[in-house]
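One structure below.
The values are calculated or read from the model by the stated rules, or taken from the named source; none is laboratory data. Bear in mind the structure is a predicted one, so any value in this text is a computation, not a measurement. In this analysis, Cβ positions are derived from the backbone assuming ideal geometry, glycine residues included, and neighbour counts consider all displayed protein chains. Keep in mind that these areas ignore ligands, DNA and RNA; they rest on the heavy atoms of the full protein, side chains included. Shrake-Rupley method; radii C 1.70, N 1.55, O 1.52, S 1.80 Å.
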Amino acid sequence: VFIKSDTAFCGGARRKNKKFDDVIFVVFLRKNDYNCIGEIMKEKFLEIYNNNIKREGADKLLAWLEKTDFFTAPASTRYHSNFEGGLCEHCVKVYHRYKKLLQMEYGDDYANVLSEESIAIIALLHDLCKVDTYKVEYRNTKVDGNWVQVPYYSVADDLPYGHGEKSVYMICGFM
């Protein structure tokens, strides 16, 4: 896809390989433009969450998530999905990948192995520990011979638990 750099585009593309036939989101956004893909991923997250997670306290967890930076935070500081809205997008992608892997392993019987609710909880909330953890800071960088301040993400973790343990701990506060 060729587009002008001053335009925004959201779309999808298909990728086929030996094991998967997935829809991969292809997104070209103006610099600092989160709205398009961020809103799509938030809607997708909420749809999966509301359709699958029915446990007592799930509504309270979702209400809390809405008050945090979950839907706008990056998934990491430098690696996967390190952009605004990346955490939500990453969790939605993990959900779809996890379901594909379970289907590959167990076929149509995967639902007898793990409930749709458990799949959604595991995948969508596996990185809950990253909520309100990343902060935007600025550093000086030379661009075209001039020093400019550019944003980057830093970590400010008030509860430095292990990655998985912290997510489970946070979920248990609600469900």
Under the classification rounded if a/c is under 1.5, otherwise prolate if a/b is larger than b/c and oblate if not, where does segment 41-101 fall, given a ≥ b ≥ c as square roots of the Cα gyration tensor eigenvalues?
oblate
Against the globular-protein guess of 2.2 N^0.38 Å, express the Cα radius of gyration of segment 122-175 as a ratio, rounded to two decimals.
1.65
Mind listing which GluC sites (Glu not before Pro) in segment 36-120 are in a DSSP loop and have 11 or fewer other Cβ atoms within 10 Å?
56
With the cut-off at 16 Å, report for segment 71-127 the share of all Cα pairs above it, as a whole percent.
45 percent
With the 1.4 Å probe rolled over protein heavy atoms, segment 126-175 has an accessible area per residue in Å² of 69 Å²
What is the distance in Å between the Cα centroid of segment 51-84 and that of segment 110-175?
8 Å
When ranked by the protection proxy of mean other Cβ atoms within 10 Å per residue, highest first, what sequence do the peptides 92-98, 134-140 form?
92-98, 134-140
